[in-house]
1. What FRET efficiency comes out for the pair Glu339/Ala207, r = Cβ-Cβ distance, R0 = 45 Å, nearest 0.05?
2. Given the pairs Lys126/Lys172; Lys222/Lys333; Lys222/Lys290; Lys157/Lys333; Lys150/Lys222; Lys145/Lys220, which span a C-alpha to C-alpha distance of over 24 angstrom in this model?
3. Please work out the FRET efficiency for the pair Asp131 and Arg183, using the Cβ-Cβ distance as r and a Förster radius of 30 Å; give the result to the nearest 0.05.
4. Quick one: what do you get for the stretch 122-170 if you divide its Cα Rg by 2.2 N^0.38 Å?
5. Please work out the Cα convex hull volume for the stretch 159-240 and give it in Å³ per residue.
6. If you take the beta carbon distance between Arg269 and Ala141 as r and set R0 to 25 Å, what does 1/(1 + (r/R0)^6) give as a FRET efficiency, to the nearest 0.05?
7. Please work out the Kirkwood hydrodynamic radius for the stretch 264-347, using every pair of different C-alpha atoms, and report it in angstroms with one decimal place.
Amino acid sequence: MNGEEQQDNLSRHPADKRKKLLRTLLDEKQPLGDHLLGEDDWESFQQVDRLPEATRVRIANAVKQGISQQRGKVFQFYLPGWYAVASMLLVVGGLSLFWKIQAHRWAIREQQRLAAMELPVIPAWKTVSNDTATVMHVVLADRSKVSLHKGANIRFKEPFDADRRDIQLRGKARFDVARDTARPFTVLVGGFATTALGTSFTVDASAVDGRVQVWLHSGKVKLWHTDEHHEEQYLSTPGARGAFDLRHGISKPAVSRPKNNNTRPSITRNGTVLAIHNMALDNVITRLAKEYDAHIDFDRQALGKVSYTGTVDIQQERLEQVLQIICALNHLKLERTDEQHYRIIIQ
């Protein structure tokens, strides 16, 4: 910028302002300002005064340099500010991205948690019919097996209720029941019921006259009526048979004749299973008290006249359950005084 151009730029402003601007710029270059013009010369200087050409050029160059430095200072002032703003934007953007990622991860984990939850299933009635000429084999959800004869059908809830397993039967079928002490397995024919106590048995409800027969293959079953006006019966010996009909209720159980003629009383143990054959009931009770480490009060003389045949699984069957079956078969009453103390009473 030469002197004429500098003069043109300064001429855009009023005289006082031009003078102040020049003084400000020259103050930053104090040695130059003092060298060019003294304090008194500066105060007395007027616009109409003319400086020597060399002095004017030096002043113009000083002004130009001062303006450039002033712009640099402004730039240096604003540059850290832009850095701060950029840093804040970076932090805010990073936090926003972080929370978006966390929210996405949380949503995925929540979906996985909900998918892993076992949602309640509403049981629905299911019917299985055998329309073939042969026996149909059905495996239930609890792993129990049903062998349906020709023309038979069963109706049940799938899945079973939490506290029971009920099967409605028409016709003839064999049931091999999976053990589940918390959920009794009951086969219903009309109002009559056969409840398994961990066993296998056959129910035949195909007779035209309405008579229903039950064969026990293993374990124990209870025969009873849903209106509770009929006497309960228990089958506890393999080969035993029971029956019921609408007119006579539940028939007394019949026991099949043993395959051998050996009627000698005995109690033998195979693993956890006690096999009891024609043994006096007082000896049976004494042996059970020893096996279960319990105390059982009873009339030894009275029970010594009664014999009992059956099997007991010490590991799978509770003592109270075993004693209830024995008492039901022999018209006895069972009382429980505490955890391991029982009393058998003759009715």
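Read-outs throughout are calculated quantities, based only on the coordinates presented, and are distinct from any laboratory measurement. Since the model is a prediction, treat every value here as computed from it, not as a measurement. No Cβ is skipped: glycine too gets one built from the backbone with ideal geometry, and neighbour counts run over all protein chains shown.
1. Plugging the Cβ-Cβ distance into 1/(1 + (r/R0)^6) gives 0.50.
2. Pairs exceeding the cut-off: Lys222/Lys290; Lys157/Lys333; Lys150/Lys222.
3. In this case the efficiency is close to 0.50.
4. 1.15
5. So the per-residue hull volume is 98 Å³.
6. Computed FRET efficiency for Arg269 and Ala141 comes out at 0.15.
7. 12.8
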